[in-house]
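The values are calculated or read from the model by the stated rules, or taken from the named source; none is laboratory data. What you see is a predicted model, and the numbers here were worked out from it, not measured in a lab. All Cβ positions, even for glycine, are placed from backbone atoms using ideal geometry, and neighbour counts span all protein chains on display.
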Amino acid sequence: MNAPVILDRRRLLKGSGALVVSFSLSSAFAQDQTTQAPPPAPKLPGSLEKSPYLDSWIRIDADGSITAFTGKAELGQGFKTAFQQIAAEQLDVPFASLKVITADTKLTANEGYTAGSHSLQDSGTAILNAAAQARQLLIAEAAKRLELPAENLRTENGAVIAPDGRKLSYGELVATEMLHVQAQPTSKLKDPTTFKVMGQPVPRVDIPAKVTGGVAYVQDLRLPGMVHARVLRPPSYGAELMECDTAAVEKLPDVVKVVRDGNFLAVVAKKEFQAVKALSALSAAAKWKETAQLPKQDDLLAVLTTKLPSEDFVILQRGNASATGQKTIEATYTRPYQSHGSIGPSCAVAQFIDGAMTVWTHTQGVYPDRAAIAEMLHMPPQSVRLIHTEGSGCYGHNGADDAAADAALIARALPGAPVRVQWTREQEHGWEPYGPAMATKLKASIGDDGKIVDWSFAVWSNTHSMRPGGAGSLLAAQHMEKPFAVPPAKPLPLPEGGGDRNAIPIYTFPNAHVTHHFLPDMPIRISAMRGLGAYHNVFSIESFMDELAALAGTDPVEFRLKHLDDPRGRDVVEKAAQEFGWHTGQQAPAGRGYGFAFARYKNLAAYCAIASEVEVNRETGRARLVRAVAAVDSGQVVNPDGLTNQIEGAIVQSTSWTLYERVTFDERRITSIDWQTYPILRFDAVPEKIDVHIINRPGRPFLGSGETGQGPAAASLANGIANATGKRLRDLPLTRKRIKDAIDA
Amino acid sequence: MMTLKVNGQDHQIDAEPDTPLLYVLRDDLKLNAAKFGCGLGQCGSCTVIVDGKAVLSCVTPMVLLEGKQVTTLEGLGTVSAPSPIQRAFMEEQAAQCGYCIAGMMMRAQALLQRNPKPTDEQIRAELAPHLCRCGTHMRILRAVHRASHLMDTAALSPADKRSAP
Amino acid sequence: MVALLVAGAGAALAVAWRPAIAAIDPPKPQSFDPALIKRGRELAAIGNCNDCHTVRGLKNFAGGLPVPTPFGTVYSSNITPDAETGIGGWSEQAFRRAMRFGVDREGRHLYPTFPYDHFTNVSDEDDRALYAYLMTRDPVRASARENQLSFPLDQRFVVAGWKLLFLRQGTYKPDPTKSAEWNHGAYLVEGLAHCGACHTPRNALGAERASASFAGGDVDNWQAFAINAQSPSPVPWDADALYAYLRNGFHPDHGTARGPMAEVVSNLSTVPSADVRAIATYMADVFGAPSPDRKREGEAVLAQAKSGAAATANADFQGAAIYAAACATCHESGRPLPYGGIKLSLSSTISAPDPRNLANIVLTGVRPVEGERSPIMPGFAESMSDAQVAALLTYLRARFTSQPPWTDIERVVAEARRSQTAFLQTSAGVRNAPAEPSQRDKP
């Protein structure tokens, strides 16, 4: 079994749902007064560890209504529905009889960010166990009242039922504080074979409103007396506002106020279109001094690998001197800055009444964003409440946190009035923190047996998260008169990692050396974007595996299986290949190619393998994904349709990233500021077919799947293009022009 | 002051003639479906139907709408009584974040009104002005095909419907 | 007219009949020199061959594009090396004869919709390169569509008479008084690039009027502006501006090339810069140096556009409101071309004698090129009635030019609405976006 030696381990994150030691065992140790230190208390499953009280997760009212709480946010992945399924299943109540409340600093547990594909692993697991334990408590209470042994009782439809038919509803059984108990490390979970709702493709609870014009997004929020604000962002990083005749703008019709705090400038109007026009006037009136010096956008490899200072970490070192390679190849892969490109520019509503600030926001992390906003406003955090309200898909750290801060800052200047801030398209594109540019250098050798004998991988990257970062991570706070400094960048710890996420290969090699060159300096604003470093690292590894397979004269799928020991990984590889119709010696039709790729996200989350058929037009260089077949193992599946949706979406999104996308900039400003200058995939490039095959593992821990498809989709495409053209492209994006130049060369 | 007909009702709107329809729908009439995605006519999220044709409401000023019928997603149906296109999108679960979906549905509705049986190629061409960042495209295409099918069976007599798939 | 043709045909019986050239087996692609193929690709780009010979939905060079002419619709032919339905059976001699004399392999006359009145100027060497390029493309099986011409125009021998009257055969003769670059440009423009085929008005028999070279013409229901001294451009063109426009697809003082010109500049962005430079040099001479008055007017327009001073607003209330909400967001954004709309006072389209191009653009907008940075303009066909479009066009003309108002605009708009729908359905679309140098294909 592949057991990498990690030299720079800072924190080990255990998988979810696994219980380490039972209570009885640990109390036995406690009585033993030898010099041996008592073992650590058993960890509670998922987020229960941090929020152990059951009533942080489940509330049952006397009238029988049930609420499940999650500190995670619905981002469009269908989590609200999935959590409702989990709670309903483990509580044994009809799906429609309970509702879910999502991230709200006043009502829900602090679960950090809805990110990293952690939601099912952390929150889902907590709700799973909390609901199960709540059910046990209800049974225990019923047992007391009915004077029957608990094991004779069963639950159904929100009631505990005795063998003789006597029934006590949950509402009758529940007492105040009954669920205000700490969770146990283990729960009596329902047998997966009896699942009624978990594992079923239950329709999402949020879709009906979205297809009928119901209130669904923070953009739909309308409060009495609400005013409309637009922020005027500087034209480039670090620009200083030299002068601005705000008085003239304040005289425009329906303008309520112009808010200025240092370089932070915003206009507030009674009607939204008036705010739009006032922003135009404000923009014309503002004079800035620009000093930004951005790197050369076409020379990022040199910038990353030679110009920016790095902190170097060897994160894998395995040696077996007896294994020597015959044929060696090396390759360099690059990725540009890429944008989240949320369809709905960021938005927030804030209201400041009697010293209390409430913000409705689509931030991924209500608690950390609250802390940052409170720090920015010099307010105690308890006086600030953030309520997650859905925005459009964010795919990581986009402008949401900043829009929330903008709204709060403006609301403080207009006490009592609900202030709605809507970012423009140009602002979302120009100011969001991007996915960082990355470079990887790989080198490997093949031995006589056609297998890889040594492997060297080096990755250069910024951090992939600037959160939590306190006020300094917020644009408004950076631009204020008394600004907060951008916090120093720190690498995300392994095994999850940031720039080194998935840098350690899942394959087994006798010799392996992996280095992470962490680049703390960030000339362009960056943060977390779906997949983090895994997108580029998997792209690199899986492209290189194909290059090595060609060197060894072996079929790409067969080559991977030769080095893959993880049985669940093998299952997923074989499934995707089989369903695609992949076979050794296959030949794609003229102008087309086949490509394969596989990864286990973070080497500890969901497994995903993708086989693609790609078409390349020899005249133009245009590449097109014709069809893709994916296999995914995400442990116990909660909602198979939700999972399929995520993987299909990941493939299409990654296709767009991989074929088209890069942030552009000149020496001073970001120049990709709308859909003209940052094109993404449109319907003319959508494939004919995407098939997703799920390998369900009932009873196994949930594995995060929201980001597992991005890396394999990219490499699968690249490998398909190489197969179709005979040319290997290593610099993202794989544009039409690059492919054409390679074909013509 | 001008009269704007939306979803079959007349409304008196106090807005400048150069106000884009999108802001009137959202702010004056409190309708949620048409969304602000770019304000530049590049993404399709703001699409509504005017006199049977899909238009981008973010670049359609009020002055153009005198005497015209505006239809938004809200005008097609409700959760309890959805129109075929709404039913199709729910049945196909054709949404991830869902922000682009209302615009997609209005464009599709306009297409189906003039071409009840579009080919896949025709649907893709029709939806070219629309962006979806989540990658829900496959489901959106399936949903439009399904809507076409549902409209077909809706037109059948009750006896025919009983035997329709 | 028919009588004239019959008389001409009778007199030219000698040219009416051409012998067939024997079919050959399609030559093996490996038999061609790669350097020759490469030059052939560049020449094909200059000749804009793929634009006419590719239709939406079919493969490159497989033909089938309907070309509307005053005499009916002619469909472009399949010029892939397919033996049966393309030119796979054509020898190089047959190809050269087609280019030089407008005759196909079997000896039939080709309609001058295929502009051999220009291609006759192409040298043997360049014909050889083009042949090498075309014969090494992917063969596509696609039969030619029947042309829709009425009798007697559907009888090919009639074309012989046309040729007798209008075809000046032979290759281009350089002018020794001009520079090498000018001559190279003239060779390309009068030959492969066939600019006059669109930009020169035609007579009743459909031939270019030699006395009105480059004085403007029509193509695909678009107007190809005059590109001589009668150019409607508010700012006069010079060689540098022409070079930048043809090479990058736009120029900040003139606008972005769209409509049928989009494919032309898309192709020209892929050829060696020296070729484009030569074309620009020659054409600058065709435009001629502007008169001092014209130069002064141009400078004034530029200064006003840059200063952002608002031109006097016209009283047309509806037009002004439409402009403010639907146009100004992009056209007064101050963003540089090609992503910001051009300042309309600089637009040739609004200054042109005919509102047709403006109607086309306002109705259908500008579509993005797949996956590439390229301008996007929404079309307004669905949101505006013909009367509303006409009101907008009237407003734009009055506000941004000092030209006399257009007449009969509503009829032009109605016709534009109909013709552009057809154009969009058949045009294969632009492959390449207006480019900054970093986006340009390597030649």
Item to check | In the stretch A:251-273, the residues that are more than 14 Å from every other protein chain (Cβ to nearest Cβ), touching a residue at least 12 places away in the same chain (Cβ under 8 Å) and surrounded by fewer than 16 Cβ atoms within 10 Å (Cβ to Cβ) | outcome: A:G262
Item to check | helices (runs of 4 or more DSSP H) contained entirely in the stretch C:235-341, each with at least 2 residues that are closer than 19 Å to C:V366 by Cα | outcome: C:239-248, C:260-268, C:328-331
Checklist entry - A:T554 versus (1) over 21 Å from the mean Cα position of the chain (by Cα); (2) within 20 Å of A:G711 (Cβ to Cβ): which is the lone unmet condition? => result (2)
Checklist outcome for this item: Scanning the stretch A:638-659 for residues that are among the β-branched types (V, I, T) and buried (at least 24 other Cβ atoms within 10 Å of the Cβ), the one farthest from the other protein chains (Cβ to nearest Cβ) turns out to be A:V638
Next on the checklist: Condition check: facing chain C (nearest Cβ under 9 Å) and β-branched (V, I, T). Does B:V79 satisfy that?
Outcome noted: no
Checklist outcome for this item: Within the stretch B:83-103, the residues that are at negative phi and not aliphatic (A, V, I, L, M) are B:S83, B:P84, B:Q86, B:R87, B:F89, B:E91, B:E92, B:Q96, B:C97, B:Y99, B:C100, B:G103
Checklist outcome for this item: All-but-one check, C:E370 against (1) part of a helix (DSSP H, G or I); (2) facing another protein chain (nearest Cβ under 9 Å); (3) of a type outside the set (G, A, S), failing number (1)
Checklist entry - Restricting attention to the stretch C:358-374, and to residues there that are crowded, with 24+ Cβ neighbours inside 10 Å and touching a residue at least 40 places away in the same chain (Cβ under 8 Å), which single residue is nearest to the chain's Cα centre (by Cα)? => result C:N360
Next on the checklist: Take C:A215 and tell me if it is among the aliphatic types (A, V, I, L, M), surrounded by fewer than 22 Cβ atoms within 10 Å (Cβ to Cβ) and part of a loop (DSSP other than H, G, I, E, B).
Outcome noted: yes
Checklist entry - What are the residues in the stretch C:136-158 that are in contact with a Lys or Arg (Cβ under 9 Å, 6 or more places away or on another chain) and in a helix (DSSP H, G or I), if any? => result C:F157
Checklist entry - Restricting attention to the stretch B:115-134, does a residue exist that is out of contact with any Gly (no Cβ under 9 Å at 6 or more places or on another chain), within 26 Å of A:M529 (Cα to Cα) and more than 8 Å from chain A (Cβ to nearest Cβ)? => result no
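Given the structure, is B:T78 of a type in the set (S, T, N, Q) and either more than 24 Å from A:S392 (Cβ to Cβ) or touching a residue at least 12 places away in the same chain (Cβ under 8 Å) (or both)? Before the answer, list the steps.
Values: of a type in the set (S, T, N, Q): yes; either more than 24 Å from A:S392 (Cβ to Cβ) or touching a residue at least 12 places away in the same chain (Cβ under 8 Å) (or both): no.
No: the conditions fail for B:T78.
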Next on the checklist: Return the residues of the stretch B:49-65 that are touching a helix residue (DSSP H, G or I) at 6+ places or on another chain (Cβ under 9 Å) and more than 7 Å from every other protein chain (Cβ to nearest Cβ); say none if nothing qualifies.
Outcome noted: B:I49, B:G52, B:S57, B:C58, B:M62, B:L65
Item to check | In the stretch A:216-230, the residues that are away from chain B (no Cβ under 11 Å) and either in contact with an Asp or Glu (Cβ under 6 Å, 6 or more places away or on another chain) or assigned to a loop (DSSP other than H, G, I, E, B) (or both) | outcome: A:L223, A:P224, A:G225
Checklist entry - Among the residues of the stretch B:115-137 satisfying the criterion of being at pLDDT 95 or above and out of contact with any helix residue (DSSP H, G or I) (no Cβ under 8 Å at 6 or more places or on another chain), which is farthest from B:S45 (Cα to Cα)? => result B:T119
Next on the checklist: Being touching a residue at least 24 places away in the same chain (Cβ under 8 Å) and either touching a Lys or Arg at 6+ places or on another chain (Cβ under 6 Å) or surrounded by 24 or more Cβ atoms within 10 Å (Cβ to Cβ) (or both) narrows it down to one residue among A:G709, A:G699; which is it?
Outcome noted: A:G709
Checklist outcome for this item: When every residue in the stretch A:334-376 that is away from chain B (no Cβ under 14 Å) and assigned to a loop (DSSP other than H, G, I, E, B) is compared, the one farthest from A:G469 (Cα to Cα) is A:D354
Checklist entry - Name the residues in the stretch C:141-157 that are touching a His at 6+ places or on another chain (Cβ under 8 Å) and at pLDDT 80 or above, would you? => result C:R156
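Of the residues B:A94, B:A108, B:A147, B:A143, only one is touching a residue at least 60 places away in the same chain (Cβ under 8 Å), among the small types (G, A, S), crowded, with 24+ Cβ neighbours inside 10 Å and in contact with a helix residue (DSSP H, G or I) (Cβ under 7 Å, 6 or more places away or on another chain); which?
Working: B:A94 fails: touching a residue at least 60 places away in the same chain (Cβ under 8 Å); B:A108 fails: touching a residue at least 60 places away in the same chain (Cβ under 8 Å); B:A143 fails: touching a residue at least 60 places away in the same chain (Cβ under 8 Å).
Exactly one of B:A94, B:A108, B:A147, B:A143 is touching a residue at least 60 places away in the same chain (Cβ under 8 Å), among the small types (G, A, S), crowded, with 24+ Cβ neighbours inside 10 Å and in contact with a helix residue (DSSP H, G or I) (Cβ under 7 Å, 6 or more places away or on another chain), namely B:A147.
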